[in-house]
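Okay, so here's the structure we're looking at.
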Amino acid sequence: MDKRPVGVFDSGLGGASVLREALKILPTENYIYYGDNKNAPYGDRSEQEILELSLKSADFLMSFGIKIMLLACNTATGTAIREIRERLSIPVISIEPAIKPACEEVIEGKILMLATKATTKMERYHKLKAKMPKCCEIVDVPCPGLVERIEQGVLGIGEFDDILNSHLRNFEGENIGGVVLGCTHYVFIKEVIADYAKRHFVGSCKLFDGNAGTVHQLARVLNNKGLQNDCKKPSVEFHTSGEETILKPLFDKLLNS
Ligand code: DGL
């Protein structure tokens, strides 16, 4: 048994949606979460900035003696996963937009891939997309603005219509088979996006995210490398580069939502 914690990283609070899943699937681990809230959103930054910030955050998490790192940020994965893996002496698990399960399940209609501006431009993402069957029509939709609002604790149905309208109005009335939540923040507004899709599109509009798949991969690696813990009650420690007194209550709320 390895008592060291699992380190979880995101640019902000979005990674709490992955941690929430990890607490369900792997409840006998201890977790240290780091959100680089001061520098979020990463999605509007240049690749060089995202790389530097991600490496700095990875080093910070390493200072807690973590045994494995869970990169719970699609934007950081797309930009920095190779460099982080090269730099760290521990295994690193990462998340990427769930277009593969979407292509496997969607029978008809377009697949909208909602993510940060940076993710939709990344080479790593485009390589993944090139491997999908040609018959699947994946349309990338960068959604600037959503992350900032979620970071303010806004999560309600109807409270994102202005932003969603500005990014999705071109698809009004179209047959949409699936919507991929390609940013870990968006998982917290799943119902908001489902409600919007129901009002503006036709088709099944099934939602996909990579959270459970990523946590199952984390479980496999812990198991294969003999790194599992068996603690009775998981502990979760929260760290942020932002204003902790404001962010900690929001983190707790999101984790329990
Ligand atoms: N949560 C992050 C992701 O999954 C990105 C948020 C940001 O733009 O900082 O891509």
Take D140 and tell me if it is among the acidic types (D, E), touching a strand residue (DSSP E or B) at 6+ places or on another chain (Cβ under 9 Å) and either assigned to a helix (DSSP H, G or I) or at pLDDT 95 or above (or both). yes
Take G158 and tell me if it is modelled with pLDDT under 95 and outside any helix (DSSP H, G or I). yes
Strands (runs of 3 or more DSSP E) contained in segment 170-257 and holding at least 2 residues exposed (fewer than 15 other Cβ atoms within 10 Å of the Cβ) and either in contact (Cβ under 8 Å) with a residue 24 or more places away in the chain or not hydroxyl-bearing (S, T, Y) (or both): none
Is it the case that V154 is within 21 Å of S257 (Cα to Cα) and either out of contact with any Cys (no Cβ under 9 Å at 6 or more places or on another chain) or polar (S, T, N, Q) (or both)? yes
From K131, K198, K225, K190, grab the single residue that is at pLDDT 95 or above and under 18 Å from the mean Cα position of the chain (by Cα). K190
Restricting the search to segment 11-56, which residues are within 18 Å of A212 (Cα to Cα) and of a type in the set (F, W, Y)? Y31, Y33
Using the structure shown, decide if V141 is within 16 Å of the ligand (Cβ to nearest atom) and either acidic (D, E) or within 15 Å of P41 (Cα to Cα) (or both). no
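The values are calculated or read from the model by the stated rules, or taken from the named source; none is laboratory data. The structure displayed is predicted, hence computed values, not measured ones. Here Cβ is always computed from backbone atoms with ideal geometry, including for glycine, and neighbour counts include all displayed protein chains.
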